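Novice: There's a structure below that I have some questions on.
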Amino acid sequence: MPDSLLPLLTSVNRADCIDFLESKMKAEVDNRFGGKSEMTELGKDYICMQLSAQTSWQMKVLPVNDSVRVICTVSTACAPACDSTVRFYTSDWKSLPASSFIVLPAMDDFFNRPDSLQSQLFETSRRSADIPLVKVLLNKENTELTVQPVFDYMVKETAEKLKPFLRRPIVYEWKDGSFQKKTVLL
């Protein structure tokens with residue numbers, strides 16, 4: 001992996017984390033800013049790093065076909081509201097367009113439209129959710145990816161008014177070389 005993808009850690013830091021975890025030790029290292037970074041998970045196709053108190057990074061290797069794999073990374077920064085960025089790479093770390101592998105949900109995809117009795121409350125509250133922040137999580141056990149909206153930047157009372165209209169987080173499943181929305185049975 002090129003150092004430019006995780007500039008906070010040197011290649012030695014990353015190798016040390018792997019060695020520590022394989023030795024059943026806490027995989028914590030001093031990063032380039034003098035803070036602590038920790039590899040919290042390491043699997044055959046998955047890595048999770050807590051780069052700082054506010055940032056995390058996940059990586060998953062996903063099959064496109066029998067011989068081709070892509071690397072999906074999720075970077076999340078929380079300051080204090082969290083927002084994630086999803087990126088894709090070839091197995092030799094050449095950047096690929098994310099749009100070839102996933103179409104992330106629009107903010108309206110996270111809401112159930114109310115009946116006419118509650119529509120005014122919904123519309124007023126929904127307009128306050130004007131910053132489309134999402135937290136994305138890769139599943140270490142399978143090829144699912146979960147996207148949930150983040151409303152931590154909103155006034156607490158307004159965010160509470162939106163809760164009755166929220167759907168469950170949106171789950172994607174890796175199929176045929178891309179993430180596809182998983183059908184949820186209610």
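Novice: All but one of (1) surrounded by 16 or more Cβ atoms within 10 Å (Cβ to Cβ); (2) assigned to a strand (DSSP E or B); (3) among the charged types (D, E, K, R) hold for E173, so report the exception by its number.
Specialist: (1)
Novice: Conditions: (1) touching a Ser or Thr at 6+ places or on another chain (Cβ under 7 Å); (2) among the β-branched types (V, I, T); (3) more than 21 Å from E141 (Cα to Cα). V74 meets all but one. Number of the miss?
Specialist: (3)
Novice: Just checking, how many residues over segment 130-145 are farther than 18 Å from C78 by Cβ, outside any strand (DSSP E or B) and at pLDDT 85 or above? Break it down stepwise before answering.
Specialist: Step one: of segment 130-145, the residues farther than 18 Å from C78 by Cβ are 130, 139-145.
Narrowing further to those that are outside any strand (DSSP E or B): 130, 139-143.
Narrowing the set further to residues that are at pLDDT 85 or above leaves 139-143.
Residues flagged as farther than 18 Å from C78 by Cβ, outside any strand (DSSP E or B) and at pLDDT 85 or above within segment 130-145 amount to 5.
Novice: Just to confirm my filter: which strands (runs of 3 or more DSSP E) fall fully inside segment 31-99 and include at least 3 residues that are surrounded by 14 or more Cβ atoms within 10 Å (Cβ to Cβ) and either out of contact with any strand residue (DSSP E or B) (no Cβ under 9 Å at 6 or more places or on another chain) or among the β-branched types (V, I, T) (or both)? Let's see the steps before the verdict.
Specialist: On the way: elements: 36-42, 46-50, 55-63, 69-78, 82-90.
Ranges flagged: 69-78.
Novice: What tally of residues in segment 146-186 results from selecting those that are more than 26 Å from T73 (Cα to Cα) and among the β-branched types (V, I, T)? Steps first, please.
Specialist: Looking only at segment 146-186, we keep the residues that are more than 26 Å from T73 (Cα to Cα), and these are 154-166, 185-186.
So of that shortlist, the ones also among the β-branched types (V, I, T) come out as 155, 158.
Counting residues in segment 146-186 that are more than 26 Å from T73 (Cα to Cα) and among the β-branched types (V, I, T) gives 2.
Novice: Which of the residues spanning segment 100-129 are in a loop (DSSP other than H, G, I, E, B), over 19 Å from the mean Cα position of the chain (by Cα) and modelled with pLDDT of 80 or more?
Specialist: Of everything in segment 100-129, just one residue is in a loop (DSSP other than H, G, I, E, B), over 19 Å from the mean Cα position of the chain (by Cα) and modelled with pLDDT of 80 or more, namely N112.
Novice: Then there's this: Pairs only if they're at least six apart or on different chains, beta carbon under 6 angstrom, first in segment 91-102 and among the hydrophobic types (A, V, I, L, M, F, W, C), second assigned to a loop (DSSP other than H, G, I, E, B); list them, first residue then second.
Specialist: Taking only residues 6 or more apart or on different chains, the pairs are W93/P2.
Novice: State which residue is farthest from D83 (Cα to Cα) when the search covers only segment 100-112 and only residues that are surrounded by fewer than 12 Cβ atoms within 10 Å (Cβ to Cβ) and of a type outside the set (G, A, S). So that I can check it myself, show each step before the final result.
Specialist: Taking segment 100-112 and keeping what is surrounded by fewer than 12 Cβ atoms within 10 Å (Cβ to Cβ), we get 100, 106, 108, 112.
Now narrow it down to the ones that are of a type outside the set (G, A, S): 108, 112.
Details: D108: 17, N112: 22 Å.
It comes out as N112.
The values are calculated or read from the model by the stated rules, or taken from the named source; none is laboratory data. Everything numeric here is computed off the predicted structure, so don't read it as measured data. Glycine also receives a Cβ, built like all others from the backbone with ideal geometry; neighbour counts cover every protein chain displayed.
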